[in-house]
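Each reported figure results from applying straightforward, stated rules to the coordinates on display, with no laboratory input. From a predicted model like this one, the values you see are computed outputs, not experimental measurements. Cβ: placed from backbone, ideal geometry, glycine included. Neighbour counts: every protein chain shown.
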Amino acid sequence: MYTSSIQQNILAELNHELTQTRRILERVPYEQADYKPHPKSMSLWQLATHVVNLLSFNTLFVTHDSRDFLDPNAPKPGPTPTSLEELLARFDEYSATLKQELQQSDDEKLTQKFKLHRGEHVVFDYPKATAIRIMGLNHSIHHRGQLTVYLRLLDIPVPGLYGPSADEK
């Protein structure tokens, strides 16, 4: 009989999404890092870096019980990568760390609460598995989708993520 756990489900989805995200990041042209489709948009490089840095944030959901945005000692991602190679190396490093922490976790730990707050203001207070799903995976997928639009507007072929793209037909 096959049994499934919260941890196994998150790891399976994470592995799929990390593979797809890396395929997008590999196509981000650093030489067009400042590109913005709209004045209110993040630059291409800010967005790509944010997608990568979210992996580190996800790891916090697994390894900690809370995160205060006002805490000056809270862990933060490193400096902005200055090349595609650096960006992909950070992606690989953060991906490996997140997967390792999830593999060392279990359903009991993933049902414990994680509180994200800014001083007294609570942004959310969810079970860790929910935080990973909503603020981790969904958030990353949202920004990855934005990256595909940037690539399309820059006339860079977009890989299919859940089936073929218009560039792969």
> How much length is gained on full extension from residue 20 to residue 100, taking 0.36 nm per residue of separation minus their Cα-Cα distance?
Replying inline: 26.9 nm
> Which shape class, rounded, prolate or oblate, goes with segment 40-100 when its Cα gyration tensor gives a ≥ b ≥ c as root eigenvalues, a/c under 1.5 marks rounded, and past that a/b bigger than b/c marks prolate?
Replying inline: oblate
> Looking at (i) 9.3; (ii) 10.9; (iii) 11.6, which value of mean projected area of the Cα convex hull in nm² comes from a calculation on the structure shown?
Replying inline: (iii)
> Nearest-5 percent of antiparallel DSSP beta bridges in the chain?
Replying inline: 65
> Do you know the relative contact order of the chain, to the nearest whole percent, from alpha carbon pairs under 8 angstrom that are 6+ apart?
Replying inline: 30
> Which angle from 0 to 90°, rounded to the nearest 10, does the C-alpha axis of helix 6-25 make with the longest principal axis of the chain?
Replying inline: 20
> Taking only Cα atoms, what is the 0 to 90° angle, nearest 10, from helix 44-63's long axis to the longest principal axis of the chain?
Replying inline: 10
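For residue 68 and residue 115, compute 0.36 nm times the residue count separating them, minus their Cα-Cα distance, and round to one decimal in nm.
Full-extension gain reported as 16.1 nm.
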> Shape of segment 120-163 from its Cα gyration tensor (a ≥ b ≥ c, root eigenvalues): rounded if a/c is under 1.5, otherwise prolate when a/b > b/c, or oblate?
Replying inline: oblate
> Out of segment 3-45, which trypsin sites (Lys or Arg not before Pro) are coil in DSSP terms and have no more than 10 other C-beta atoms within 10 Å?
Replying inline: 40
>> Can you return the lysines within cross-link range of residue 128? Criterion is Cα-Cα under 24 Å, with same-chain partners fewer than 8 residues away left out.
In response: 76, 99, 109, 113, 115
>> Neighbour counts of other C-beta atoms within 10 Å: give me 93, 108 arranged from fewest to most.
In response: 108, 93
